[in-house]
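**Student:** Handing you this structure, nothing more for now.
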Amino acid sequence: GGLLGLLGRENIVHPVLAFTGSRGVAGAASVEEATVIRENEMQEEDQVLGWEEPIFLRLPSYDDDSKQVQEQDALLLAEVFDQVQPDIIFMPDIADNQPRHHLLTAMALTVVADRARSVELLFYETPWSLLDTSKINFVVPLKQRSVLMKKHGISVHESKLARNDFISIAKAMMILRAYVLPELLGGFGIEADLGSRAEVYSYQKYQPAYEA
């Protein structure tokens with residue numbers, strides 16, 4: 001939802017579920033069952049938001065911290081990069097406190113550098129790690145339609161909602177950014193209207209020294 005929902009109206013969005021996310025599914029009888037639940041929910045979200053069919057990688061580094069496995073997983077990410085040829089990549093911030101979010105971004109950035117092709121990077125915040133104000137340079141005020149689309153997209157992830165009320169968390173994050181961010185970025189007392197909901201990102205344009 002949010003910005004990705006807006007981009008999906010005029011662009012091709014390829015969602016990639018790098019890890020199984022099985023540990024986040026409560027009550028599943030097995031890892032395989034938990035994995036299938038997460039992937040089915042991802043497919044439902046794609047249908048809601050009008051994205052392309054999701055790419056499920058099930059990277060082994062979700063459960064294996066060895067350097068060798070991480071290097072092999074980076075090669076799998078590189079295959080996706082070559083297949084999709086993205087113009088924009090969304091990923092968690094490198095400082096995200098969720099270990100697998102951090103790992104995924106580290107591997108993705110390695111792939112971007114190795115492929116030596118210009119690409120725009122948008123690092124997003126998560127409930128576990130809000131972006132540091134100094135990193136925020138891309139702000140998206142959201143209208144009601146986009147907010148509702150984002151809520152709908154979250155609502156299909158029933159396994160995650162069983163763990164926590166991520167709809168309320170997302171709402172709180174959007175409200176916080178809309179009302180507090182103008183003063184944090186522009187100075188206390190400044191008058192700026194982002195509406196009642198907003199998303200924030202850290203934007204970077206990766207430009208290699210030479211094009212591959």
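The values are calculated or read from the model by the stated rules, or taken from the named source; none is laboratory data. Small disclaimer: the values here were computed from a predicted structure and weren't measured. Backbone-built Cβ (ideal geometry, glycine too); neighbour counts: all protein chains shown. These area figures cover heavy atoms from the full protein model, side chains too; ligands, DNA and RNA do not enter into them. Shrake-Rupley method; radii C 1.70, N 1.55, O 1.52, S 1.80 Å.
**Student:** Considering only the range 114-125, I want to know if a residue exists there that is touching a residue at least 12 places away in the same chain (Cβ under 8 Å), assigned to a loop (DSSP other than H, G, I, E, B), open to solvent by less than 80 Å² (accessible area, probe 1.4 Å) and over 30 Å from residue 70 (Cβ atoms).
**Tutor:** No; the residues of the range 114-125 include none that is touching a residue at least 12 places away in the same chain (Cβ under 8 Å), assigned to a loop (DSSP other than H, G, I, E, B), open to solvent by less than 80 Å² (accessible area, probe 1.4 Å) and over 30 Å from residue 70 (Cβ atoms).
**Student:** Take the range 164-182 and flag every residue that is out of contact with any Ser or Thr (no Cβ under 7 Å at 6 or more places or on another chain) and either over 15 Å from residue 141 (Cα atoms) or open to solvent by less than 50 Å² (accessible area, probe 1.4 Å) (or both).
**Tutor:** Passing the criteria: 164, 165, 166, 168, 169, 170, 173, 174, 177, 181, 182.
**Student:** I'd like the full set of residues that are over 25 Å from residue 144 (Cα atoms), open to solvent by 90 Å² or more (accessible area, probe 1.4 Å) and at pLDDT 80 or above, limited to the range 183-212.
**Tutor:** Correct list: 204, 205, 207.
**Student:** For the range 52-111, enumerate the residues that are within 13 Å of the chain's Cα centre (by Cα) and either over 24 Å from residue 201 (Cα atoms) or of a type outside the set (A, V, I, L, M, F, W, C) (or both).
**Tutor:** Matches in the range 52-111: 92, 93, 96, 98, 100, 101, 102, 105.
**Student:** If you don't mind, there's one more thing I want to ask. So, in the range 126-153, exactly how many residues are without any contact (Cβ under 8 Å) to a residue 60 or more places away in the chain, part of a helix (DSSP H, G or I) and open to solvent by 60 Å² or more (accessible area, probe 1.4 Å)?
**Tutor:** So the count comes out to 4.
**Student:** Now a separate question. I'd like the residue in the range 157-182 that is among the aliphatic types (A, V, I, L, M), at pLDDT below 95 and within 30 Å of residue 30 (Cα to Cα) and, out of all such residues, is farthest from the chain's Cα centre (by Cα).
**Tutor:** It comes out as 162.
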